[in-house]
Amino acid sequence: MRTVSAPARKLEHGRVGESVLRVDAIPKVTGEFAYSSDLFAAGMLWGHTLRSPHAHAEIESIDISEAVSMPGVHAVLTHEDVPGKKLYGLEFADQPVLAINRVRYFGEPVALVAAEHPEQARRAAEKIQVQYQPLEPVVDPERALEQEDLHPERPTEEAGYFNDPRSNVVRTIVIRHGDPDAEGEVSVSGVYELGIQDQAFLGPESGLAVPDGEGGVDVYVATQWLHVDRAQVAPCLDLRPEQVRIHLAGVGGAFGGREDLSMQIHGALLALHTGRPIKIVYTREESFVGHVHRHPARIWMEHRANHDGKLVNVRVRILLDGGAYASSTTAVTSNASSFAQGPYAVANALVETTSVYTNNPPCGAMRGFGAVQVCFAHEAQMDKLAAELALDPVDLRLRNAIAQGDILPNGQRITGSLPVAEVIRRCAALPVPEPEALPRDAIRLPGGAGNVTRGEGVKRGTGFAVGFKNICYSHGFDDYCAARVRLFADASGELGAEVHCAAAEVGQGVTNVILQVARTELELENITLAPHQTATVDSAGSASASRMTWMASGAVQTACRAAREELESRGGSLASGDEVDVERVYRHPQTWPLDPETGQVQGERAHVAFVCSAMKAVVEVDTELGLTRVVWIGTAQDIGRAVNPQAVYGQIEGGTAQGLGLALMEEIQTRDGLITNASFTDYLIPTALDMPPVDAVLVEEPDPDAPYGAKGVGEPPTVVATAAVVAALRDATGLELTRAPVRPDHLAGLTA
Amino acid sequence: MRITLTVNGEEREADVWAGESLLFALRERLGLPGSKNACEQGECGSCSVLLDGVLVCACLVLAAQAEGHEVVTVEGLGSDGRLHAVQEAFVQTGAVQCGFCTPGLVVATADLLARRPDPSEDEIREALSGNLCRCTGYAKIFDAVRLAAGAA
């Protein structure tokens, strides 16, 4: 059975602060690294999921009789076969394991099939007779507030939130800061909209579930948080947590899209039902409905300021479409609220954010998590305000840049590192490449080789954007990470160490971080990282919120120091065969929730720390054809301290690409709730021809609360890139461009 | 149906269903999961292999079409336990993050450098534009191609 994602991994050299080659790079370039879709076990069957073709419908009946008798089929399961809790969810259990009487989104799982060949499973699924009574789908988030409640039991009520009695509200947050009616000498306002972005990780949802023969199950899966998967899987199977062991299989990208469950419960159900290992691999089309997306948003903002450029009051209304189930929508709502005014000090603010249930694709975590949407809006507003005041846009941002000692609209005083003015200055100082002469090779024209002009309609523009967001979980969440360190003496008497930490390696490089920290703390050569699993170590929390470097560093540092103390108490050495084995839990400084009525933080901090970034983009637009080319991107990013500089640059370049994608091409299209572009033919992500060079500057101002001062780096580039690229398009065209992604018809002036 | 083909220099037999792709046969029948299954419709390049020396998406070739032909996958690029120069360059430059696109990009880069030992920037971008990467933003992949070209 090939079920371990990689052998125990050892870093050959490197401590905190050094560029170190990835420990998993060699198995990844040779094809040996076992991703969740590469697993195999003797006697394995293939699982397949029958999904709803409707966005909203009653299920009148399900007849599995013909499907069960198809060749090679071993099981066909519906909600009646779920032995435990029928509902699950990341934060609120509002989603059926398999649809019960009603489907609420296109692609919702309805039934499962296990068969000997994946094609047999697909064909059997086609023979399951489901009688649907289609219902009018709730697809407009504004109308949703007055339409039928899709979840009449209101799963998110009584969670300590503001009580909003309107239909379909997932969460409403109102933040009142200073005098929300304060007037300025000038005012600019605008309405901004963003479409649905997909994480589009390349490794499809997949995994292997293996029954243990004693009623329990092992699930090998690509996920972002092993222990929260177990907490959701076990109750639905009616098993004790220790009977469900989640193992991290190789993860082909995540970006938030693997926070929620995909095949975990389904595979385990089929495995326990058939007594055979079950492999499930989604197709790309299925992947587009198999995970949550970035929330589409409608945002109104008004900025009031004085002639000297100082912001007086920022007034914001945000509407987020959460789709059919809650996922992490409540937290995205609070993040959008927290960062709505941008990284600027403002004495007065009114921020009202509402997220709703609809029959659109469910939305949840994606890199940037609410901060991307508001950055697009607040940066457009800052440019508008600069134009109104006839000030330089960079200068306007510097005049308002938030700094230590300033207070956020939620009442939190900035105490840690947040070098906003520094990232603005460093980014603004980056030299922009000279314009390239025309005519030129079509591959370097907007639109690339498809552009058959000589570039007559090409205009160039430059855009600038600044953004910030939180690191780690916020608002009173008990955010912790465990690590276990085993010191041993090998046969030759040499001291070695094995580190256990369940921090999910999703490609971001946390495996290296863990080993670099262990080498720094233990000063040993022989250190390996054990496979990630729930059975051998406590939770690491989620590989999300730019938190994993901070949290895993804290946990591994704490456990290593405890192991050294234990070793010293035993005289500083171990006899062959002896060992020290300690597990420690690290928690970051405490945070507090917001008051449901005032939106003000109920303690010292709502967020433990912040990270900021500035970006400058140069674009060319063929204004006649509506085609674009991003020529160059420069960025300065606050990173606290670089644990592994090579990996930091990689995160910045990759995060920039995802923000560029949302600016120019990435949108899940729906019609009456049905996704119409669920493929890489129709959902476009940036290719090698779309990405410009990214000139990145690291701003290292260590955070006093962070282990080694290191902040997470994954999200900030994505937060600012969409805003920066669209700002450059506005500069090139003079158009307002209030919606992302910007389409060719917007740029050619055919639609607003 | 039973097919015989040469994979990474070895003659192999596989019992396949007529509708199976070469990618499925490599991954599920022949124990070579290095070629990846990201889209299975020829858009992402993750399953790039050489079929009689020509770069193809293994998901768009039927297993049965490979009967009697020669296939080289990412597992067959290195020799004598040593990495291919392109593989080594991807490791050194940090071109690998999640790595799911890496096998396809390694094969596509090896193919490019076999045809154009010293490609221009535009040639690199165009040659790799059929291989999607979601993690890196491509910058370090371009570094890897340049490093491998210099080493070749």
Discussion item. Every residue in region A:401-449 that is among the β-branched types (Val, Ile, Thr) and farther than 30 Å from A:Leu625 by Cβ, please.
Written reply: A:Ile402, A:Ile407, A:Ile414, A:Thr415, A:Val420, A:Val423, A:Ile424
Fill in: Positions within region B:109-146 being closer than 19 Å to A:Gly654 by Cβ and hydrophobic (A, V, I, L, M, F, W, C), in sequence order
B:Ile124, B:Leu128, B:Leu132, B:Cys133, B:Cys135, B:Ala139, B:Ile141, B:Phe142, B:Ala144, B:Val145
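A quick yes/no check of all residues on (1) surrounded by fewer than 17 Cβ atoms within 10 Å (Cβ to Cβ); (2) free of Cβ contacts under 8 Å to residues at least 40 places away in the same chain; (3) at the interface with chain A (Cβ under 10 Å from one of its Cβ atoms):
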site: B:Ala14; (1), (2), (3): no, no, no
site: B:Ser21; (1), (2), (3): no, no, no
site: B:Arg27; (1), (2), (3): no, yes, yes
site: B:Leu30; (1), (2), (3): no, yes, no
site: B:Asn37; (1), (2), (3): no, yes, yes
site: B:Ala58; (1), (2), (3): no, yes, no
site: B:Gly68; (1), (2), (3): yes, no, no
Response to the item:
Scanning region B:97-124 for residues that are at the interface with chain A (Cβ under 9 Å from one of its Cβ atoms), without any contact (Cβ under 8 Å) to a residue 40 or more places away in the chain and surrounded by 24 or more Cβ atoms within 10 Å (Cβ to Cβ) gives B:Gln97, B:Cys98, B:Gly99, B:Thr102, B:Val106
Discussion item. Need a quick list: strands (runs of 3 or more DSSP E) entirely within region A:208-298 having at least 1 residues that are at pLDDT 95 or above, in the same structural domain as A:Ala99 (by TED's automatic domain parsing) and over 30 Å from A:Phe680 (Cβ atoms).
Written reply: A:217-221, A:244-248
Item to complete: Please enumerate the residues belonging to region A:636-692 that are within 13 Å of chain B (Cβ to nearest Cβ), acidic (Asp, Glu) and either crowded, with 23+ Cβ neighbours inside 10 Å or farther than 21 Å from A:Pro362 by Cβ (or both).
Response: A:Glu653, A:Glu666, A:Asp690
Practice prompt. Check every one of the helices (runs of 4 or more DSSP H) wholly within region A:56-155 and list those with 1 or more residues that are under 30 Å from A:Phe40 (Cβ atoms) and at pLDDT 95 or above.
Written response: A:65-68, A:118-126
Worksheet item: Considering region B:84-116 alone, what residues qualify as being assigned to a helix (DSSP H, G or I), of a type in the set (Gly, Ala, Ser) and either at pLDDT below 95 or under 13 Å from the mean Cα position of the chain (by Cα) (or both)?
Response: B:Gly104, B:Ala108, B:Ala110
Worksheet item: Does any residue in region A:14-26 that is within 13 Å of chain B (Cβ to nearest Cβ) come within less than 6 Å, Cβ to Cβ, of a residue that is outside any loop (DSSP other than H, G, I, E, B) and of a type in the set (Lys, Arg) six or more places away or on a different chain, and which pairs are these?
Response: A:Val23/A:Arg9
Item to complete: Could you please find all residues in region A:716-744 being over 19 Å from A:Glu667 (Cα atoms) and not in a helix (DSSP H, G or I)?
Response: A:Gly734, A:Leu735, A:Glu736
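Every residue, every condition in (1) aliphatic (A, V, I, L, M); (2) more than 14 Å from chain B (Cβ to nearest Cβ), yes or no:
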{"residue": "A:Gly190", "(1), (2)": "no, yes"}
{"residue": "A:Ser206", "(1), (2)": "no, no"}
{"residue": "A:Glu214", "(1), (2)": "no, yes"}
{"residue": "A:Asp218", "(1), (2)": "no, yes"}
{"residue": "A:Trp225", "(1), (2)": "no, yes"}
{"residue": "A:Val233", "(1), (2)": "yes, yes"}
{"residue": "A:Gln243", "(1), (2)": "no, yes"}
Worksheet item: Quick one: how many residues across region A:27-42 are within 25 Å of the chain's Cα centre (by Cα), facing chain B (nearest Cβ under 7 Å), within 19 Å of A:Gly509 (Cβ to Cβ) and not aromatic (Phe, Trp, Tyr)?
Response: 1
Fill in: Complete set of residues in region B:125-147 that are in contact with a Ser or Thr (Cβ under 9 Å, 6 or more places away or on another chain), facing another protein chain (nearest Cβ under 7 Å) and among the basic types (Lys, Arg)
B:Arg125, B:Lys140
Discussion item. I'd like to check something: does region A:553-572 contain any residue that is outside any helix (DSSP H, G or I), over 30 Å from A:Gln243 (Cα atoms) and among the hydroxyl-bearing types (Ser, Thr, Tyr)?
Written reply: no
Practice prompt. Taking A:Val621 as the residue in question, decide whether it is under 30 Å from A:Lys459 (Cβ atoms) and buried (at least 22 other Cβ atoms within 10 Å of the Cβ).
Written response: yes
Discussion item. Filter region A:515-556 down to the residues that are of a type in the set (Gly, Ala, Ser), surrounded by 23 or more Cβ atoms within 10 Å (Cβ to Cβ) and closer than 18 Å to A:Arg584 by Cα and list them by number.
Written reply: A:Ala518, A:Ala540, A:Gly541, A:Ser542, A:Ala552, A:Ser553, A:Gly554, A:Ala555
Discussion item. Only one of A:Pro155, A:Pro137, A:Pro165, A:Pro109 is in contact (Cβ under 8 Å) with a residue 40 or more places away in the chain and surrounded by fewer than 21 Cβ atoms within 10 Å (Cβ to Cβ). Can you tell me which?
Written reply: A:Pro155
Item to complete: Please work out which one of (1) assigned to a helix (DSSP H, G or I); (2) away from every other protein chain (no Cβ under 12 Å); (3) closer than 22 Å to B:Gln41 by Cβ is the condition B:Gly150 fails and give its number.
Response: (3)
Practice prompt. Output the residues belonging to region A:417-449 that are closer than 24 Å to A:His607 by Cβ and modelled with pLDDT under 95.
Written response: none
Item to complete: Evaluate region A:305-326: report whether one residue or more is within 14 Å of chain B (Cβ to nearest Cβ) and part of a loop (DSSP other than H, G, I, E, B).
Response: no
Practice prompt. Residue by residue through region A:697-723, note down the ones that are surrounded by 24 or more Cβ atoms within 10 Å (Cβ to Cβ) and closer than 13 Å to A:Ile652 by Cβ.
Written response: A:Lys711, A:Gly712, A:Val713, A:Gly714, A:Glu715, A:Pro716, A:Pro717, A:Thr718, A:Val719, A:Val720, A:Ala721
Worksheet item: What pairs come up if the first residue lies in region A:631-642 and is under 12 Å from A:Gly712 (Cβ atoms), the second is assigned to a loop (DSSP other than H, G, I, E, B) and hydroxyl-bearing (Ser, Thr, Tyr), and their beta carbons are under 9 Å apart, counting only those six or more places apart or on different chains?
Response: A:Asp638/A:Ser417; A:Gly640/A:Ser417; A:Ala642/A:Ser19
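The values are calculated or read from the model by the stated rules, or taken from the named source; none is laboratory data. Fair warning: this is a prediction, and the values are worked out from it, not measured in the lab. With ideal geometry, Cβ positions are generated from the backbone for all residues, glycine too; neighbour counts draw on all protein chains shown.
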